[in-house]
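Some notes on the structure that comes next.
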Protein chains: 2
Amino acid sequence: MRIAVLGTGVVGQALATKLVELGHEVRMGSRTADNEQASAWTAAAGSRASHGTFAKAAAFGALVFNCTAGASSLAALRSAGEKNLNGKILVDVANPLDFSEGMPPTLTVCNTDSLGEQIQREFPAAQVVKAFNTVNYRVMVDPGLVGGAHDVFVCGDDEDAKVRVKELIARFGWESILDLGDITAARGTEMMLPLWIRLWGFMETTDFNLKVVGPAD
Amino acid sequence: MRIAVLGTGVVGQALATKLVELGHEVRMGSRTADNEQASAWTAAAGSRASHGTFAKAAAFGALVFNCTAGASSLAALRSAGEKNLNGKILVDVANPLDFSEGMPPTLTVCNTDSLGEQIQREFPAAQVVKAFNTVNYRVMVDPGLVGGAHDVFVCGDDEDAKVRVKELIARFGWESILDLGDITAARGTEMMLPLWIRLWGFMETTDFNLKVVGPAD
């Protein structure tokens, strides 16, 4: 299918490359049409890859990934244009991290709201699915980097959209994708970031993830 | 050893009972000396159990567990009295949950601060160790309720205090206790609560926990 990947950073590059490998036509979107990273990616990723402005990319995609920095995601999506997002699945991978005071970052929104909810409110005719924001980009596209069973989370208000996103990301190799409910569950997955950052320090690698372990028999 | 358990709810009762079972002398503290739940617990828990005011309990304990409701923990600890906490390990199990707007609760403090940090700041001569707040009280005292390997977290500024808390709770059956660093890591473990609450809904039981899964070999 035709997929837009908004954002040219490591997350966008990793997801866009994986999606091309899986046979999708992918257009990477950025603030400007001639973004250097997007141009380099297009040149390297082959005939199914292209790039353009946020608006051109969103218009191209039947499904849109938001891989922009969380603190500027709403601005990027406004630039993509509501009419280019309406009726489409919008997979929000971003975390609303504020690095302006250095490390560790804080969240620009949390507790009584979340970036996922902000996006859904601002683009009510898009089907926002929060996904993948609790794992590093390397693990997103190659879950086998983590040894043993582990889980990734999705949430969103549209059941069909979640089913389709789960089908899409299962192709990346994900065997356990837990649906946590409506988009307000994004508060939970976004607020996991401070713990994730501590675990990164503890594990001394980003190639880790969490497994939800249920009751003993 | 002599241990104070501040709080008479399910968390305090479970921890106090477990500590008595392990041979410790435990005094349960509450706002009033004649708290009904504390009296009933003392009557049931045997000769090593006693109860009293927060201050009487804290004065008794060589180590103090804060098992009060997070939203009122600072008030409870003030009532316990700084002089009764100074120089002691203060294990903070509480979560700063605000149920005033119904379910799901929000946090009374998060993002740039945490309850663990607030307690450490207010009682600088106590060695605050945040622990256990990411698991249900049943799992705290009986980690075997969860099937397979799983982790619990501690954090705090005092290395010796963390070692001693790890030794103490290992006796509950915990095989994997991860030290996430200084007390600011409490932001991470407290902000995990919104995700925990969603996972509770997903798992349909409180007998679950998380396992941090590292890289494949």
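The values are calculated or read from the model by the stated rules, or taken from the named source; none is laboratory data. From a predicted model like this one, the values you see are computed outputs, not experimental measurements. Note that we place each Cβ from the backbone using ideal geometry, even for glycine, and neighbour counts take in every protein chain shown. Surface areas here come from the heavy atoms of the whole protein model, side chains and all, with no ligands, DNA or RNA. Shrake-Rupley method; radii C 1.70, N 1.55, O 1.52, S 1.80 Å.
Taking the convex hull of the alpha carbon positions in the stretch B:1-111 and averaging its projected area over all directions gives 7.3 nm².
What the protein assembly as shown shows is 39 Å² of accessible area per residue, with the surface traced by a 1.4 Å probe over protein heavy atoms.
Cross-link partners for B:LYS18 among the lysines, with Cα-Cα distance under 30 Å and sequence neighbours closer than 8 places in the same chain left out: A:LYS211, B:LYS56, B:LYS83, B:LYS88, B:LYS130, B:LYS162, B:LYS166, B:LYS211.
Both numbers refer to the Cα atoms of the stretch A:58-128; Rg and Dmax are 12.5, 38 Å.
Within the stretch B:171-217, the trypsin sites (Lys or Arg not before Pro) that combine a DSSP coil assignment with at most 15 other C-beta atoms in a 10 angstrom radius are B:ARG171.
Computed over the protein assembly as shown, the alpha-carbon pair-distance distribution with 10 angstrom bins reads 5, 21, 28, 21, 13, 8, 3, 0, each value a whole percent. The angle between the Cα long axis of helix B:193-203 and the longest principal axis of the Cα atoms of chain B comes to about 70 degrees, rounded to the nearest 10. Provide, for q = 0.14, 0.18, 0.27, 0.32 Å⁻¹, the log10 of I(q)/I(0) from a solvent-free Debye sum over equal Cα point scatterers in the stretch A:176-217. Rounded to two decimals, the profile gives -0.45, -0.70, -1.03, -1.09. Computed over the stretch B:2-203, the range of Cα coordinates on each principal axis works out to 40, 38, 36 Å, biggest value leading. Ligands, DNA and RNA aside, B:ILE3 has an accessible area near 0 Å² when probed at 1.4 Å.
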